[in-house]
Amino acid sequence: MSSTNNQISNAQAIASSSVFGTSHLTLLKIVVEGTQIEHYLHFELRQSATEHHSFALILSHDSLGNAQNHQLEDAQKLLGKRILITFTYKNIPDSPSRDFVGVITEVGFTTQESSLGNIVITGKSPTILLDSAAHLQSFGGKQPVSLKTIADTIIKEGLDNGKYKSRVEPTYTGNISYACQYDETHYNFLARIAEAYGEQFFYDGKILHFGKLPTPEKPINLIVGREINHLSVFMKARHVKRNMCGYNSSTHEKLTTGSTQISHKSSLAKAAYELSEKTFQTPSLRIAPLKASTNKDVEAAQKSTSGSLSVNVFTTSGTTTVPFLYPGCLVEMDVRKPDSTESSYFTKLMIIEITHTTDALGNYIGNFKAIGADTGYLPTPAFEIPNAEDQTATVIENKDPQGRVQVSFDWQMNGNTSEWIRVMSPDAGSSEQVGKNRGFVAIPEKGDQVMVAFVHGHPDRPYVKGGLFHGKIGGGGGSDNNIKSLTSKSGHTVQLNDGGGITVKDKTGGNHVVIDGNNKITVTSSKTVHLTNNKASITLEDDEITIFADKITLAKSGGESSKIEIKGLDTTLFGKTEVKVQSDTKAQLNSKGTTDIIATAGLTTDATTTTMKSKAITAIQGAMVNIN
């Protein structure tokens, strides 16, 4: 019954059909993809909010029409088929009813002594179709994605055949930058992200729910001593104070939230919860099991864990003759007063486990377990937390103002990538003088192969650990592994050669500095070498050397034998105002040819002794010659 009115009338029908002291016989209607099975010997169905449902149906050897034997000619055709089992009361007009939808996963044939044998049909809830094999895939990366989109996609990959129903209504409405199903089944991934983001994930027998709890049906009224034959009530002390934290690297912000309180309406559940808080005082702080971007993300994860733990502080179990209970249904339980047909209200419960058993005659017994209703939480389904191992990936994009990259893992298909992830560096930070990029900056190039690790081993939190050479691009460090080098994408290179020296060269290859490791430094340029301190400069260009400075000094560097020589085919000393040639001992001007001393204005020779000597003729000429 799918509509709210039908659900309400179903609860009313259960109440109206109850007769004190009488247990109605149960009738099963069994349909396998349109074909009804009329007769059965025994049926058992185990349902749980935290596990796959399972069932076992025993039929006589001829229940499928033709008599079956160990060849299973007809029975084998049932494998993988959808089975619909409807519980009703026998011979009750307008009987309440409840459906279970499952999938047949096994058929068998058994015999005992001289019997003709029985057909055994077993199966699971359709959730088993999501829990069959591990898988790798990602969501988000290039664009954020909603939790609803992720859950819808995962469920449709396993159940999108029109046979089974699902409902996805998450309470978490934020966008998720990146999420990864990492070497785990679809079911495990759904259970894991449901717990991480504060959602409920369970199968109620007809519908697979992901998100907030569905609108409840009208509670079924059960009376202890009438519909309930046996009842056990437990209050348990549990550690319910859980705290979580996270970190947002984009904003460099630690993420926290306050304490989480879970509301219990039942007086016994409320008392057990409050006593648990007082009993367990040890702090519990964990990393939030998701890639948190805000404090609200941490709050959702923390509240989810606290909520799923706190529902176990008060549990109720028992047996019932009502075959219409299922995981997630509500029960208002009354207790019959001693020696009276009257009853008093006990508590309101939510069923989390129920095992139905019935035989061919319709005798039924149900064993159930329930928690306090109205918390908005169910116990967490069993799941494993994957541990993401280091793995290779290829850089897809590196144009990011924060120096991050996007990578594509080897298993990612259809253009899927990670989100923007950080790159590990030997030294990274800032200082008072350097606001950004203090340390070692080397962002991988597009197409580079990198090794990716994961923060806390979480598959949603990758980062680049380093780069890798592969067989097509790796050259190694030479025969003796003497070469250590740093080379940019254009070809700029710094090379340290333990068998030689140090070489710094640019992308042209014609400009380089070589420190040869043997007391020699060579600076080479294909055209120009320019040294400057912004006030003076030395420029070497082609075959010319130009020195610009307000003052140029050539001075000896060492002892008495130090020499400074200026040689050239044509050497000119030029001073716009004055040229001085000075020596503490002797100044000599020699020429193998002719020596000309020319002064436009005047020429003065001043010395203690002046000697003018010529091997031939000495001529002194002038308009007037004065000798004094």
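Values in this text are rule-based calculations from the coordinates and carry no lab data. Because the structure is predicted, anything quoted here is derived from the model rather than measured. Neighbour counts are summed over all protein chains in view; Cβ atoms, including those assigned to glycine, are modelled from backbone coordinates with ideal geometry.
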*With a Cα-only, solvent-free Debye model of segment 483-543, what are the log10 I(q)/I(0) values at q = 0.21 Å⁻¹?*
-0.91
*What pairs in 148/270; 124/369; 254/278; 29/77 have C-alpha atoms more than 24 Å from each other?*
148/270; 254/278
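Where a ≥ b ≥ c are the square roots of the eigenvalues of the C-alpha gyration tensor, would you call segment 275-425 rounded, which needs a/c under 1.5, or, failing that, prolate if a/b is larger than b/c, or oblate?
Here segment 275-425 falls in the prolate category.
Test of the criteria: in segment 402-488, which chymotrypsin sites (Phe, Trp or Tyr not before Pro) are in a DSSP loop and have at most 15 other Cβ atoms within 10 angstrom of their Cβ?
When the chymotrypsin sites (Phe, Trp or Tyr not before Pro) of segment 402-488 are filtered for loop state and at most 15 Cβ neighbours within 10 Å, 411, 440, 469 remain.
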*R0 = 51 Å: FRET efficiency of residue 498 with residue 149, Cβ-based, nearest 0.05?*
0.35
*Taking GluC sites (Glu not before Pro) that fall in a DSSP loop and have at most 15 other Cβ atoms within 10 Å as cut points, what is the longest piece of the chain between them?*
114-341
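In deg cm²/dmol and to the nearest 500, what is the mean residue ellipticity at 222 nm of the chain if only DSSP H runs of at least 4 residues count, each as -39500 (n - 2.57), divided by the residue total?
After summing the helix terms and dividing by residue count, I get -3500 deg cm²/dmol.
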_Under 19 Å between alpha carbons: how many lysine pairs meet that in segment 483-543, if sequence neighbours fewer than 8 apart on the same chain are excluded?_
7
*Fewest Cβ neighbours within 10 Å first, please rank 350, 451, 624 accordingly.*
624, 451, 350
*Just in segment 262-354: which chymotrypsin sites (Phe, Trp or Tyr not before Pro) are loop by DSSP and have at most 14 other Cβ atoms within 10 Å?*
280
*For mean projected area of the Cα convex hull in nm², the listed values are (1) 27.9; (2) 53.3; (3) 34.3; which was obtained by calculation from the structure presented?*
(2)
*asked:* Give me log10 I(q)/I(0) at q = 0.10, 0.18 Å⁻¹ for segment 85-178, Debye formula, one equal scatterer per alpha-carbon, no solvent.
replied: -0.51, -1.00
*Those lysines that a straight Cα-Cα span of less than 29 Å connects to residue 592, excepting residues fewer than 8 apart in one chain*: 556, 563, 567, 576, 580, 613, 615
